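Q: Just passing along the structure, written as structure tokens.
The values are calculated or read from the model by the stated rules, or taken from the named source; none is laboratory data. Computed from a predicted structure; not experimentally measured. Cβ placement follows ideal geometry from the backbone for every residue including glycine, while neighbour counts extend to all protein chains displayed.
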Amino acid sequence: MQYSYTELAKMIDHALLHPTMTDAEAVAGCEMAVDYGIATVCVKPYWVPRATELLKGQDVIVSCVVGFPAGNSATEVKRYETEIACLAGAREIDMVINVAKALEGDWDYLENEIRIIAEQSHKQEAKLKVIFENDYLPNDSIKIKLCEISAKAGADWVKTSTGFGLVKQPDGQMLTKGATEHDLRLMRQYSPPQMQVKASGGIRDLDGLIHVRDLGCTRLGTSATKAILDEYKRRAAKGEISTSRAHIGAGGY
């Protein structure tokens, strides 16, 4: 394996976003994030102050979702939500676009919205990830255009999905694909070098994390953090990871 524990752990945004998640479960998630030395915990807006308090002095930062999960809030509401989150301690913002506007091709609306949220984030020393919700987008041309306008508007990342973009299947089941190899390749190809790509949704094992890294992604949103990084430790213990690259980092291997 060519990546160290720290390189992979610092790709992970640990998702604490399920609607039924209790405060006690979120506290445990923050504690795990510190133990495993990951990049961020991604929390619901009301939980930013508590997460900030818990992670004070730690090498794990707080990211917050905005307009989550449907993206339908007015732009000013998203801006204000961003401002409040940053004031409470969030240092990264994961904003869902207005998907209907993307389907309509209202690129001026979307570029303006992304720019406003990017400017608010940067004003408060935070970075912005723009969530496309690719499961809802029917063709590559829309995704390419979103990469282009996100870059023009000053976004720091483009991101595949929320993990909650359920689409009704022919058999009636509601499912989400999340991050696909096709979409990640496309988003990396059509994003300028300074804009990063985040994979989110459906990737729940170490090989998946390594694969998205190989595709050029710098972040992975997942709730399977412990399982992924425990697998790294198991492989390291078996000697399957080169010690010249794999070293003990924050929180373990």
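Q: Of all residues being buried (at least 20 other Cβ atoms within 10 Å of the Cβ) and of a type in the set (A, V, I, L, M) in the range 1-31, which is farthest from C217 (Cα to Cα)? Just the residue, please. Spell out the reasoning first.
A: So the first thing to find is which residues in the range 1-31 are buried (at least 20 other Cβ atoms within 10 Å of the Cβ), and the list is 4-5, 8-9, 11-17, 26, 29-30.
Next, only the ones that are of a type in the set (A, V, I, L, M) stay: 8-9, 11-12, 15-17, 26.
Working: L8: 11, A9: 13, M11: 8, I12: 11, A15: 17, L16: 21, L17: 21, A26: 26 Å.
Result: A26.
Q: While we're here: Would the range 125-142 turn up any residue that is closer than 14 Å to M195 by Cβ, in a helix (DSSP H, G or I) and within 19 Å of the chain's Cα centre (by Cα)?
A: Checked against the condition, which is being closer than 14 Å to M195 by Cβ, in a helix (DSSP H, G or I) and within 19 Å of the chain's Cα centre (by Cα), the range 125-142 yields no hits at all.
Q: With the condition kept exactly as written, say whether any residue in the range 166-174 is within 13 Å of the chain's Cα centre (by Cα), of a type outside the set (D, E, K, R) and assigned to a loop (DSSP other than H, G, I, E, B). Talk me through it step by step, then tell me what you get.
A: Applying the first criterion (within 13 Å of the chain's Cα centre (by Cα)) to the range 166-174 yields none.
Looking for residues that are within 13 Å of the chain's Cα centre (by Cα), of a type outside the set (D, E, K, R) and assigned to a loop (DSSP other than H, G, I, E, B), one finds none in the range 166-174, hence no.
Q: Among the candidates A227, A237, single out the residue that is aliphatic (A, V, I, L, M), surrounded by fewer than 16 Cβ atoms within 10 Å (Cβ to Cβ) and at pLDDT 95 or above. Write out each step before concluding.
A: Working: A237 fails: at pLDDT 95 or above.
It is A227.
Q: Moving to a separate point now. Among the residues of the range 114-136, write down those that are surrounded by fewer than 21 Cβ atoms within 10 Å (Cβ to Cβ) and not acidic (D, E).
A: Within the range 114-136, R115, I116, H122, K123, Q124, K127, Y136 meet the criteria.
Q: Select from the range 177-189 the residues that are surrounded by fewer than 18 Cβ atoms within 10 Å (Cβ to Cβ) and not in a helix (DSSP H, G or I) and write down the one among them that is modelled with the lowest pLDDT.
A: K177
Q: Is it true that some residue in the range 71-78 is under 29 Å from E7 (Cα atoms) and not charged (D, E, K, R)? Can you show your working first?
A: Initial filter on the range 71-78 (under 29 Å from E7 (Cα atoms)): none.
No - not one qualifying residue is present in the range 71-78.
Q: Taking A199, is it small (G, A, S), surrounded by fewer than 22 Cβ atoms within 10 Å (Cβ to Cβ) and not in a loop (DSSP other than H, G, I, E, B)? Step through it out loud before you land on a result.
A: Working: small (G, A, S): yes; surrounded by fewer than 22 Cβ atoms within 10 Å (Cβ to Cβ): no; not in a loop (DSSP other than H, G, I, E, B): yes.
Against the criterion (small (G, A, S), surrounded by fewer than 22 Cβ atoms within 10 Å (Cβ to Cβ) and not in a loop (DSSP other than H, G, I, E, B)), A199 does not qualify.
Q: Of all residues in the range 111-155, count the ones that are under 17 Å from R79 (Cα atoms) and free of Cβ contacts under 8 Å to residues at least 60 places away in the same chain.
A: Just the residues of the range 111-155 that are under 17 Å from R79 (Cα atoms), to begin with: 111-131, 150, 153-155.
Those still in the list that are free of Cβ contacts under 8 Å to residues at least 60 places away in the same chain too: 111-128, 130, 150, 153-155.
The total comes to 23.
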